[in-house]
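J.: Could you have a look at this structure, given as structure tokens, before my questions?
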Amino acid sequence: MPFVASAQDQSLEFFYIAHDRTTPVNDLCERLEEVYDNALNYEDYAVIFYMPNEDRPIIVKVNLEGDNRDDFRKIISELRLESAHDIYVDTDLMEITELFNTYDFITETGEPRFSSVLLCWYVNPDFWLFQYNEALIANLYFTLEMEKYHRSGYMTTEIWHAKDDGLEGNVDRRYPFGTKNLCSTISFKLFPY
């Protein structure tokens, strides 16, 4: 098993990878491979890749307990060979909650476990059309009590989408994660790639 740095010295980055027919696969794979290579080169950089796949999501952890870095090629292969991967919100909520219960943001004494936490969502227009922004992101935000982590600057959330995919015009800027406004402390901005 690869050496894993003590958690307090590590940053944690989580990448959720929504994939449909509009996803610019080559660009996305390049971005993910760069993150993966950085994690291989820097043990203080812990990464979780999460690709929904019906009720069998593909989860790869690097520089964390349970490191399964060799499975990363499966994500790249799936992106290149399949045209889309279906999102099952209930499965994703359960699996991601379990991941963050295992790799908790905070120690038992209430101290930050990592130097920083980044939640990076690669989405597409269907993600918003089917309201996964609310059903998944907002529910996780509420369930995992992320408001305090965002407010303190310890946690950051980024939403990435393919440039020219039309998502920019389909997002309600007042309530990007639904009218319950559960994610009010997330500084909402869409990042094109």
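The values are calculated or read from the model by the stated rules, or taken from the named source; none is laboratory data. Note that the structure is a prediction, hence the values are computed from the model and not measured. As a convention, Cβ positions derive from the backbone with ideal geometry for all residues, glycine included, and neighbour counts pool all protein chains shown. Each accessible area value is taken on the protein alone, full model and side chains, heavy atoms only, with ligands, DNA and RNA left out. Shrake-Rupley method; radii C 1.70, N 1.55, O 1.52, S 1.80 Å.
J.: Residues in the range 15-25: is at least one surrounded by fewer than 22 Cβ atoms within 10 Å (Cβ to Cβ), at pLDDT below 95 and more than 17 Å from the chain's Cα centre (by Cα)?
T.: Yes, the range 15-25 contains at least one residue that is surrounded by fewer than 22 Cβ atoms within 10 Å (Cβ to Cβ), at pLDDT below 95 and more than 17 Å from the chain's Cα centre (by Cα).
J.: When the residues of the range 115-128 are filtered to those that are in contact with a helix residue (DSSP H, G or I) (Cβ under 7 Å, 6 or more places away or on another chain) and assigned to a helix (DSSP H, G or I), which remaining residue is least open to solvent (accessible area, probe 1.4 Å)?
T.: Phe127
J.: Cβ-Cβ under 6 Å, sequence separation 6+ or interchain: first residue in the range 169-191 and on the phi < 0 side of the Ramachandran plot, partner open to solvent by 50 Å² or more (accessible area, probe 1.4 Å) and basic (Lys, Arg). Which pairs?
T.: Thr185/Arg151
J.: Exactly one of (1) surrounded by fewer than 16 Cβ atoms within 10 Å (Cβ to Cβ); (2) in contact with a His (Cβ under 9 Å, 6 or more places away or on another chain); (3) part of a loop (DSSP other than H, G, I, E, B) is unmet by Phe191. Its number?
T.: The number of the failed condition is (3).
J.: If you don't mind, there's one more thing I want to ask. How many residues, within the range 73-114, are closer than 11 Å to Leu136 by Cα, open to solvent by less than 60 Å² (accessible area, probe 1.4 Å) and either in contact (Cβ under 8 Å) with a residue 40 or more places away in the chain or outside any helix (DSSP H, G or I) (or both)?
T.: So the count comes out to 6.
J.: Criterion first (at pLDDT 95 or above and either within 14 Å of the chain's Cα centre (by Cα) or assigned to a strand (DSSP E or B) (or both)) does Leu140 satisfy it?
T.: no
J.: Being within 25 Å of Lys163 (Cβ to Cβ) and of a type in the set (S, T, N, Q), is that true of even one residue in the range 81-101?
T.: Yes, some residue in the range 81-101 is within 25 Å of Lys163 (Cβ to Cβ) and of a type in the set (S, T, N, Q).
J.: Turning to a different aspect of this structure: Taking Glu33, is it open to solvent by 50 Å² or more (accessible area, probe 1.4 Å), part of a helix (DSSP H, G or I) and more than 22 Å from Pro125 (Cβ to Cβ)?
T.: Here the answer is no, as Glu33 does not meet what is asked.
J.: Here is a further query. Taking the range 26-66, which residues are touching a strand residue (DSSP E or B) at 6+ places or on another chain (Cβ under 8 Å) and of a type in the set (Asp, Glu)?
T.: Once the filter is applied, which keeps residues that are touching a strand residue (DSSP E or B) at 6+ places or on another chain (Cβ under 8 Å) and of a type in the set (Asp, Glu), the range 26-66 yields only Asp44.
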